[in-house]
């Protein structure tokens with residue numbers, strides 16, 4: 001397995017970094033402004049980046065996103081231009097080698113300031129909300145639901161996009177209308193739920209329950225209708241559960257970074273960390289088990305394997 005790529009330092013303008021991705025401005029051969037998204041192997045939990053990463057995680061995430069962009073091709077417009085490092089201008093041969101498999105070259109958009117979340121099962125923060133209020137994000141639900149229950153129908157629960165280090169804030173559909181207008185919010189809701197159902201149906205055929213997921217959208221210059229951006233339907237933006245192990249009434253095994261979260265909870269309980277930066281170093285066993293789960297999700301979804 002490769003060493004973890006925790007940061008990049010490319011000779012390209014306007015570098016900015018999120019919890020996992022490094023972004024740079026580039027120009028396409030056509031002269032069009034574009035965005036280079038590099039998925040590093042950083043891993044975050046509780047909005048804190050850990051002291052080490054999961055080697056190859058950025059490649060797995062990029063290849064899963066690539067799969068889904070191709071899956072939805074012709075059904076919705078998106079920002080992805082290429083995942084081939086040969087198409088990125090201004091890189092050295094060594095950089096192209098280092099970044100192979102983990103880049104997305106994308107058209108630039110004006111990112112809409114509302115994240116679009118679809119929930120088909122009640123879990124995580126939604127479950128906590130329901131226990132307290134009988135609702136999820138202000139939406140009334142039937143009484144008697146249990147942890148990880150399938151919802152009567154998928155919910156659209158938007159949130160605002162928070163600055164790095166802060167938590168996203170759930171908002172109502174009406175609050176979204178105040179931000180983006182009714183027509184755009186209705187389009188986001190209908191598109192989000194359609195993508196969720198299509199992706200969820202496919203994933204279930206492959207043995208994965210798509211419990212919930214997050215989509216982001218942006219607007220291209222000179223166009224009115226939003227396009228799909230960012231990563232899509234990956235273990236970092238979604239909850240993937242093994243379908244053959246699902247059982248309502250308990251927490252579910254998952255294909256995401258739950259192994260990391262579970263380990264960190266033991267560190268917190270021992271008084272060795274308080275969920276603030278800097279994040280601790282993850283033990284080798286946690287790293288190996290976590291990346292194995294990411295790889296398993298990729299193989300189930302695509303039928304292929306990755307050589308990391």
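Any read-out appearing in this document is the output of simple, stated calculations on the displayed coordinates, not a laboratory observation. Because the structure is predicted, anything quoted here is derived from the model rather than measured. Counting neighbours? That spans all protein chains shown, and the Cβs are built from the backbone with ideal geometry, glycine included.
Quick one: Debye curve from the alpha-carbon atoms of segment 44-163 only, equal weights, vacuum; give me log10 I(q)/I(0) at q = 0.17, 0.21, 0.22 Å⁻¹ to two decimals. Scattering profile of segment 44-163, log10 relative to I(0): -1.10, -1.23, -1.25.
Here segment 165-234 was treated as a single set of alpha-carbon atoms; its pair distances binned every 5 Å from 0 give 3, 13, 20, 23, 20, 13, 6, 2, 0 percent. Using 0.36 nm per residue and subtracting the Cα-Cα separation, the extra length available between residue 161 and residue 73 on full extension is 29.1 nm.
Volume per residue of the convex hull around the Cα atoms, evaluated for segment 230-308, comes out as 143 Å³.
Each part gets one Cα centre, and for segment 1-63 versus segment 277-308 those centres are 17 Å apart. Given R₀ = 25 Å, what would the calculated FRET efficiency be for residue 94 paired with residue 305, taking r from the Cβ atoms and rounding to 0.05? For residue 94 and residue 305, the calculated efficiency is 0.45. The listed peptides 240-251, 205-216, 264-275, ordered by packing as a protection proxy, come out as 205-216, 240-251, 264-275 (highest mean of other Cβ atoms within 10 Å first). At q = 0.14, 0.16, 0.21, 0.25 Å⁻¹, what is the base-10 log of I(q)/I(0) for segment 16-108 according to the Debye formula with one equal point scatterer per Cα and no solvent? Please give it to two decimals. One equal scatterer on each Cα of segment 16-108 leads to -0.54, -0.69, -1.10, -1.34.
Across bins of 5 angstrom width beginning at 0, how are the C-alpha pair distances of segment 111-245 distributed, in whole percent? Result returned by the calculation: 2, 10, 19, 23, 20, 16, 7, 3, 1, 0.
The Cα atoms of the chain cover 59, 49, 37 Å along the three principal axes, with the biggest extent listed first.
Take the Cα of residue 131, step 7 Å toward its Cβ, do the same at residue 289, and the gap between the two points is 2.2 nm.
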